[in-house]
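Scroll down for the structure; my scribbles are underneath it.
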Amino acid sequence: MALDTLHWSDTDVEVHKVVVGPYENNVFVIRCRHTGEAVMLDAANEHELLLELCRSLGVGKVLETHGHWDHIQAVPEVRDAGFEVFVTAADADMLPSYDQLLVDDDMIEVGRLRLHTITTPGHTPGSICFKLEDKPLLFTGDTLFPGGPGATKWDYSSFDDIITNIDDRLFVHDPATIVLPGHGVDTTIGAERPSLQSWIDRGW
């Protein structure tokens, strides 16, 4: 399976990707090539596939980018299989269950890799992104996509907040940084940054 799912790699890291469920959610596994340790981003759907991925790639924990239902459908089965699920406090009530809380500006060790947390409220109150230290990789969940921010149509969402967080917390990264979103294809910070004002003007 590892070769079939490999999405990006260098001498230190492998990023594996599968697309699952009716909303075609991206599920990523970030794996340290030196130690074999790994984490999964979003237990979205198709739990049997995700559990196979976890076991074959050495996943130790699952990090949720936010609490929307299409990103958490496999959480019960993943936890039952012994994998810890992490989510922010602001989105924790959206999950059927979880193990630990994610906080802003924290560092998660994945073997020799270091994954930094960046809270980006707007799509949901507890949306969070992950930047891999010393690598051009930024996992944005549903905060930033090719062509704009994630939806902010719910009462708990905020267009102003998501725009501010994208500008202040994501667009500060190098233009060559690869953006790996929760749905769809990759983009880069440099490709998206020039469009910020047009997103503000259109209001979504």
Taking Cα pairs closer than 8 Å and at least 6 residues apart, the relative contact order of the stretch 2-202 in percent is 14
Report the label-to-label distance for A81 and Y156 in nanometres (one decimal), using points 7 Å from each Cα along the Cα→Cβ vector. 2.6
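Would you mind ranking Y23, Y98 so that the residue whose beta carbon has the fewest other beta carbons within 10 Å leads the list?
In order of increasing Cβ crowding within 10 Å: Y23, Y98.
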Could you tell me which of H66, H123, L49 has its Cα farthest along the dipole of the chain towards the positive end, charges placed at Cβ (Lys, Arg +1; Asp, Glu -1), taken about the Cα centre? L49
The stretch 2-202 - share of DSSP beta bridges that are antiparallel (%, nearest 5): 70
How far is it, in nm, from the label point at R112 to the one at S9 when both lie 7 Å from their Cα along the line to the Cβ? 1.6
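I want the local charge near G67. Using Cβ-Cβ distances under 10 Å, sum +1 for each Lys or Arg and -1 for each Asp or Glu among the other residues. Don't skip to the answer; put the middle values down first.
Numbers: positive: none; negative: E64, D91, D93.
Result for the local shell: -3.
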Share antiparallel - DSSP beta bridges, the stretch 1-95, percent rounded to 5: 70
If we count other beta carbons within 10 Å of each Cβ, what is the order of T88, T5, T164, fewest first? T164, T5, T88
Using alpha-carbon coordinates alone, the radius of gyration and Dmax of the stretch 60-143 in Å work out to 12.3, 34
Quick one: Cα centre-to-centre distance for the stretch 17-96 and the stretch 163-199, in angstrom? 23
Name the most mobile residue of T11, T35, T140, meaning the one with the largest mean-square fluctuation, in a Gaussian network model of the chain with Cα contacts below 10 Å. T11
From a point 7 Å beyond the Cα of D186 in the direction of its Cβ, which residues of the stretch 87-114 have a backbone N at a distance under 19 Å? 113-114
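Among H34, H16, H66, which comes first, second and so on when ranked by fewest other beta-carbon atoms within 10 Å? If you can, show how the numbers build up before the last one.
Working: H34 12, H16 24, H66 28.
In increasing order of surrounding Cβ atoms, one gets H34, H16, H66.
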Subtracting the Cα-Cα distance of L101 and S198 from 0.36 nm times their residue separation yields 31.4 nm
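Only Cα pairs under 8 Å and at least 6 apart count here; give the relative contact order of the stretch 110-189 as a rounded whole percent.
On the way: 159 pairs, mean separation 24.2, N = 80.
Normalised by residue count, the contact order of the stretch 110-189 is 30 percent.
Computed from the coordinates by the stated procedures, all read-outs in this text should not be read as laboratory data. Predicted model, so just to flag it, every value in this text is computed and none were measured. Note that each Cβ is placed from the backbone with ideal geometry, even for glycine, and that neighbours are counted across all protein chains shown.
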